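This report concerns only the one structure given below.
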Ligand code: GLN
């Protein structure tokens, strides 16, 4: 069985575990770096990226997370998690993990529309998916090696690069688990290839 971790320092952790389990995989809340050895893939949840970064440093997660990514193990960043994955953050000199070849802008949908839902067309899904956006970032620029999976109002809101997946919205906050399922499939494929 696949085990998928959710970085459990801050943010929407339980909801992701519920979604992982709904997809038939086991979910593990990862609170210590050693636990990364027990998971086949990892979700970086939504929350607040600067707070999450502070906790990543406090609990010595930075190098183990970079190592996890360097091994090609799948990572999925949602909302703040996308910001953590990004190579570049608009208006900031410092990226966090800096592995996903995109430039993101934080809180980029404006103050009047702090939170909203939108029906999204997502590559790989046959029917539209309702995306829940909460003070969401969007992807300003995607590198050549990045596949754009979804746009909303001309803005990139989901993208994939090899074993890295990122989205602006919160796929774990509805009962529609198809986006989590896309990640579970990436993890499954990677695990099978790693065995061969
Ligand atoms: N605005 C948050 C940030 O910049 C992200 C919000 C979220 O994850 N829902 O980190």
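Looking at 149, 173, which is the one that is touching a strand residue (DSSP E or B) at 6+ places or on another chain (Cβ under 9 Å), farther than 20 Å from residue 39 by Cβ and touching a residue at least 60 places away in the same chain (Cβ under 8 Å)?
173
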Hey, among the residues in the stretch 104-121 that are surrounded by 12 or more Cβ atoms within 10 Å (Cβ to Cβ) and free of Cβ contacts under 8 Å to residues at least 24 places away in the same chain, which one's nearest to residue 179 (Cα to Cα)?
117
Sole exception among (1) surrounded by fewer than 22 Cβ atoms within 10 Å (Cβ to Cβ); (2) within 16 Å of the ligand (Cβ to nearest atom); (3) part of a strand (DSSP E or B) for residue 29, by number:
(2)
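Suppose the filter is modelled with pLDDT of 95 or more, part of a loop (DSSP other than H, G, I, E, B) and within 16 Å of the ligand (Cβ to nearest atom); does residue 11 pass it? Step through it out loud before you land on a result.
Details: modelled with pLDDT of 95 or more: no; part of a loop (DSSP other than H, G, I, E, B): yes; within 16 Å of the ligand (Cβ to nearest atom): yes.
Answer is no for this residue.
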Among 124, 166, the single one that is more than 11 Å from the ligand (Cβ to nearest atom), surrounded by fewer than 21 Cβ atoms within 10 Å (Cβ to Cβ) and closer than 26 Å to residue 1 by Cβ is 124
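Being over 13 Å from the mean Cα position of the chain (by Cα), away from the ligand (no atom under 14 Å from the Cβ) and closer than 27 Å to residue 191 by Cβ is the requirement here; does residue 39 meet it? Can you show your working first?
Values: over 13 Å from the mean Cα position of the chain (by Cα): yes; away from the ligand (no atom under 14 Å from the Cβ): yes; closer than 27 Å to residue 191 by Cβ: yes.
In short, yes.
If you go through the stretch 62-75 one residue at a time, do you hit one that is within 16 Å of the ligand (Cβ to nearest atom) and closer than 23 Å to residue 5 by Cα? Quick ask: steps written out before the conclusion?
First, the residues of the stretch 62-75 that are within 16 Å of the ligand (Cβ to nearest atom): 75.
Filter once more, so that each one left must be closer than 23 Å to residue 5 by Cα: 75.
Within the stretch 62-75, one or more residues are within 16 Å of the ligand (Cβ to nearest atom) and closer than 23 Å to residue 5 by Cα.
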Evaluate the stretch 42-53: report whether one residue or more is free of Cβ contacts under 8 Å to residues at least 12 places away in the same chain and more than 15 Å from the ligand (Cβ to nearest atom).
no
Tell me, please, whether a residue that is in contact with a helix residue (DSSP H, G or I) (Cβ under 6 Å, 6 or more places away or on another chain) and modelled with pLDDT of 95 or more can be found in the stretch 142-151.
no
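The values are calculated or read from the model by the stated rules, or taken from the named source; none is laboratory data. Not measured: the values here are computed from a predicted model. Don't worry about glycine lacking a Cβ; one is built from the backbone with ideal geometry, like all the others, and counts go over all protein chains shown.
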